[in-house]
Structures are given as C-alpha cells and as structure tokens.
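No value in this document is a laboratory result; all are computed from the given coordinates. Given the structure is predicted, the values throughout are model-derived calculations rather than measurements. All Cβ positions, even for glycine, are placed from backbone atoms using ideal geometry, and neighbour counts span all protein chains on display.
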Amino acid sequence: MDDGLQKILGLLREEQERQKLPDYELEQRARLGSGTLSNVWSGRVTPTLKTIRKLAAALGVSLLALLALAEGSEEEYRNHQMMLLFRQLSPEQQRDVMDFARLWLNRSSQASETP
C-alpha cells in the first residue's frame with residue numbers, strides 16, 4: 001500500500017474515532033459488508049476508490065479535502081470543510097454568515113489603516 005493511501009486511510013480512521021463511531025456503524029452508514037473495516041484497517045485488504053468514497057461520505061468528509069490533506073495542504077482541507085459546512089446552512093443563515101464576514105473584514109481593514 002502506498003504512502004498516500006495509508007495517509008488517507010489514517011485520516012478516515014481518525015475521523016471515525018473523533019466521531020466515536022464503532023466499525024459496525026460506519027460499515028452500515030457506508031453500506032459496506034460486515035468485517036470490511038477490520039480488513040481495511042489491518043491492511044489485509046487494499047480498499048478500492050469506491051470503498052474510500054463511501055467511507056468519506058459516511059463520515060461527512062470530502063474526498064477532495066482528504067486528498068488535499070494527504071498531500072499536506074491543511075489550509076486547503078480546512079477551507080473545503082468550511083465550504084461544505086456553509087452549504088448545509090439555510091439561505092438566511094448563509095446571508096448572516098456573509099454579513100458577519102463583511103463586518104469583520106471592514107473592521108480588520110480599518111484597524112490596519114489606523115496608525
């Protein structure tokens with residue numbers, strides 16, 4: 001198994017642990033067969049891209065964000081995750097967030113202009 005795949009699997013495993021999901025529950029969410037995760041986590045089986053996609057979706061993590069983080073771009077990963085969270089907001093909540101961001105940016109730029 002190559003380093004990139006190992007890193008992606010490690011990130012998926014960390015997210016599973018962060019969410020405190022037992023293997024059987026993640027398998028159900030991802031629609032994987034019983035025992036699949038045990039085989040993947042132990043390295044007995046190399047997962048297909050389809051399996052990785054299912055795991056990422058079941059954990060609410062973007063596959064593109066995982067790839068970015070595996071390549072070492074933590075900032076890109078965080079930005080992508082923030083965009084995913086933003087899209088889950090209602091249009092009204094999105095407007096509120098955008099209004100807050102504009103206000104914060106205006107105050108920040110005014111503070112930097114003050115000698």
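Positive end of the charge dipole of the range 3-113 (Lys, Arg +1 and Asp, Glu -1 on Cβ, about the Cα centre): tell me which of Gly10, Val40, Asn79 has its Cα farthest that way. It is Val40.
Around the Cα centre of the chain, unit charges on the Cβ atoms of Lys, Arg, Asp and Glu (plus for the first two, minus for the last two) sum to a dipole of about 400 debye.
The region of the chain that goes longest without hitting one of the trypsin sites (Lys or Arg not before Pro) in a DSSP loop, each with at most 14 other Cβ atoms within 10 Å, is 45-115. Note on the chain: Rg/Rh from C-alpha atoms, Kirkwood Rh, equals 1.14. If you add up the charges near Leu12, with Lys and Arg at +1 and Asp and Glu at -1, over every other residue whose beta carbon is less than 13 angstrom from its beta carbon, what do you get? Counting the neighbours of Leu12, the net charge comes to +1.
With contacts taken as Cα pairs under 8 Å and at least 6 residues apart, the chain reaches a relative contact order of 21 percent. Summing charges over neighbours of Thr51, with a neighbour being any other residue whose Cβ is under 11 Å away from its Cβ, gives +3 when K and R count +1 and D and E count -1.
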